[in-house]
1. Out of all DSSP beta bridges in the chain, what portion is antiparallel? Express it as a percent rounded to 5.
2. Among [x] 1.18; [y] 1.01; [z] 1.70, only one was calculated for this model; which label is it, if the read-out is Cα Rg over 2.2 N^0.38 Å?
3. Helix-only estimate, please: 222 nm mean residue ellipticity of the chain, summing -39500 (n - 2.57) across DSSP H runs of length 4 or more and dividing by its residues, to the nearest 500.
4. Answer rounded, prolate or oblate for the range 1-124, using the Cα gyration tensor with square roots of eigenvalues a ≥ b ≥ c: rounded when a/c is under 1.5, else prolate when a/b is larger than b/c, else oblate.
5. Count neighbours as other Cβ atoms within 10 Å of each site's Cβ, and list the GluC sites (Glu not before Pro) in the range 109-213 that are DSSP loop with at most 13 such neighbours.
6. Under 14 Å from the Cβ of VAL422, count the other residues' Cβ atoms, weight Lys and Arg +1, Asp and Glu -1, and hand me the total.
7. For the range 254-339, just run the numbers: alpha carbon Rg, then divide by 2.2 N^0.38 Å, N being how many residues it has.
8. Give the distance, in whole Å, between the Cα centre of the range 96-169 and the Cα centre of the range 332-410.
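Rule-based calculations on the coordinates, nothing more; no lab input. Computed from a prediction, not measured in an experiment: that's the story for all the values here. Note that we place each Cβ from the backbone using ideal geometry, even for glycine, and neighbour counts take in every protein chain shown.
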Amino acid sequence: MKNVEIYAQVRYAVQIEGLSKRAAARRFGLDPKTVAKMMSFSVPPGYVRTKPPVRPKLDPFIATIDKILADDKSQPKKQHHTSKRIFERLRDEHGFTGGITIVKDYVAGWQQRSREMFVPLIHPPGHAQADFGEAIAIISGVERKIHYFAFDLPHSDAIFVVAYPAETTEAFCDGHVQALAFFGGIPQSILYDNTKIAVARILGDGKRQRTRVFAELQSHYLFQDRFGRPAKGNDKGKVEGLVGFARRNFMVPVPAFESFEALNAHLADCCRKHMSERLRGHPETIGQRLERDLAAMRRPLPPPYDACEKVGTRVSSLSLVRYRRNDYSVPTSFGHREVIVRGYVHEVVVACGTEIIARHPRSYEREDFVFDPLHYLALIEQKINALDQAAPLADWKLPEEFATVRRLLEARMGKPGKREFVQVLRLMETFRIEDVTNAVADAIARGAIGFDAIKHLLLCRIERRPPRLDMAIYPYLPKATVATTSARAYMGLLAGAVS
C-alpha cells in the first residue's frame with residue numbers, strides 16, 4: 001500500500017502541474033490503474049472488503065455455536081462455555097475438522113455483538129434511587145462487615161449514605177427515615193431493585209406484591225415506588241455508581257470508629273462536603289442543582305416512621321422471647337404471655353399490650369442470650385437456692401459494695417441473708433444503680449446492715465432528709481443497745497461474726 005506522501009506527489013503532478021495520468025505513472029513508476037485510484041482518494045483508502053469472508057470449515061457449524069452461546073445465558077455465569085470447550089464439543093460431537101483459532105475468533109465476535117447497549121437518560125428533579133452496599137469497617141476495635149444504605153437524587157447527584165450492622169428490614173426503613181430527614185423532603189418516586197425487604201413476590205404480569213413493612217413505609221411518606229428489572233443493575237445506574245463511589249471515597253482507608261453513630265456522623269459529613277463539587281458536564285455545583293430537586297419534593301416531613309420490624313411471639317418458661325435467632329429476657333411476671341417484639345437497628349423492645357416491658361441492645365450474633373438481671377430478681381427471691389447459679393446474674397458486674405453487704409448479711413443471718421440481699425438488689429428495679437450503691441456504702445459505713453436500713457438510707461438520700469438513728473437504721477439490735485452502740489462498734493460486731 002502506498003503511503004500518503006506518494007499520494008500527495010502524484011495528485012500534485014496531475015492536478016497542479018498538468019501531467020497526464022499515464023505520464024505521472026511513468027514518472028513515479030506506478031501502474032496507471034494505481035494513479036487513477038490515487039486521483040479518486042486524497043489518502044490511501046485501505047483494504048475494502050466487498051463481500052464477507054468464506055469459512056468453508058466453520059460455516060456449517062455456526063448455527064450449533066450460536067445455540068450453545070444462547071443457551072449459556074440461562075446458565076450460571078461460572079459454567080458458561082469457553083472457546084476451547086466449544087471447539088472440543090464441535091470436534092468430538094459434530095465432526096468439526098477445523099482449527100481452534102477460527103472458533104475463538106467467531107466466539108469473540110459473537111460476544112462483542114451481543115453486548116448490551118444503553119440509552120443516555122435524563123433525570124427530572126424530585127426523584128430518587130436507593131440501594132444497599134457492603135464494606136469493611138472497624139467498630140469498637142473489631143473489624144467487621146458493614147452494610148450501608150445509599151440514597152441518590154439523580155437530577156442533582158446529591159447523595160446520602162448511612163451504615164448499619166446488617167441489611168435488615170429495620171435498617172431499610174431507618175435508612176429512609178434518615179435520608180428524608182437529611183434532605184428535608186419526600187421524593188415523588190424512589191427506584192429500587194427487587195429486594196425481598198420490599199418485594200414479597202413478582203407476579204406473572206410483572207407487578208410487584210409489596211411486603212407489609214414496605215407498604216407501611218410507603219403509606220407513611222406517600223411516595224411512588226418503582227422497581228428495576230430483575231438482575232439489571234443498570235436500570236438504577238446512578239445509585240449503583242454511588243455504592244462504589246461511597247466505598248472508594250468515604251471508606252478508604254478502612255474506617256475505624258468507636259460506634260456506628262460516630263461512623264454515620266462521618267458519612268453524613270462526607271455527603272455534605274460532596275455538595276460543593278461540580279461534576280463534568282454541569283456548570284453548577286451539586287448543591288445548586290439540589291435546589292431544583294428540593295423544589296420538586298414534597299414538604300414538610302411527617303413525624304418519623306417507626307423504623308422497626310414487628311413480630312408477635314410468646315414468652316417462654318425461662319422468661320425469654322426469641323427474635324432473629326437470639327433470646328431476650330422479660331420480667332418473669334409476664335411468663336407464657338403473648339407479646340410484640342419490635343426490632344430496631346440498635347435496640348429490641350418488647351411490649352405486652354400497650355405496656356413496654358423490656359428494652360435491650362440489639363445483638364447481631366446467633367443463638368445469643370441477652371439478659372437483664374433485674375427481670376429475674378423477683379423469681380430468684382422466691383427460689384433463693386438459684387441465686388449462685390442464675391445465668392442472668394453470672395456476668396452482672398456490680399460495685400464491690402454489694403459483695404460486702406452480701407457477705408455481712410449471710411454472716412449474720414445465714415440463708416435468709418441471701419433473700420435479704422436479693423431484696424437489696426431489687427431496689428434497682430425502681431431506683432438508679434448509683435443511688436442504690438451509695439445507700440449500700442452509707443449503710444456499711446454506719447454499720448446498718450439490712451434491707452430496711454439500706455432502703456431507709458436510700459429514700460433519705462433521694463428526698464434529701466437526714467436519716468433517723470433508730471430501729472430504721474439498726475433493725476437487728478435491741479432498742480436499748482441501739483442507743484448505746486455506735487456505728488463503728490456495730491461494724492465490729494459484724495466483722496467478728498464474719499471472721
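1. Values: 42 of 53 bridges.
So the antiparallel bridges amount to about 80 percent of the total.
2. [z]
3. Working: 19 runs with 213 residues, N = 499.
Taking each H run of at least 4 residues, the total per residue is -13000 deg cm²/dmol.
4. On the way: a/c = 4.93, a/b = 2.13, b/c = 2.32.
It is oblate, given that a/c is not under 1.5 and a/b is not larger than b/c.
5. Numbers: sites: GLU116, GLU134, GLU143, GLU167, GLU170; in loops: GLU116, GLU167.
In loop regions of the range 109-213 (DSSP not H, G, I, E or B), the sparsely surrounded GluC sites (Glu not before Pro) are GLU116.
6. Numbers: positive: LYS383, ARG406, LYS415, LYS418, ARG419, ARG426, LYS455; negative: GLU381, ASP388, GLU410, GLU420, GLU429.
Net charge in that neighbourhood comes out at +2.
7. Numbers: Rg = 22.9 Å, N = 86, 2.2 N^0.38 = 12.0 Å.
After normalising by residue count via 2.2 N^0.38 Å, the value is 1.91.
8. The distance from the Cα centre of the range 96-169 to that of the range 332-410 comes to 45 Å.
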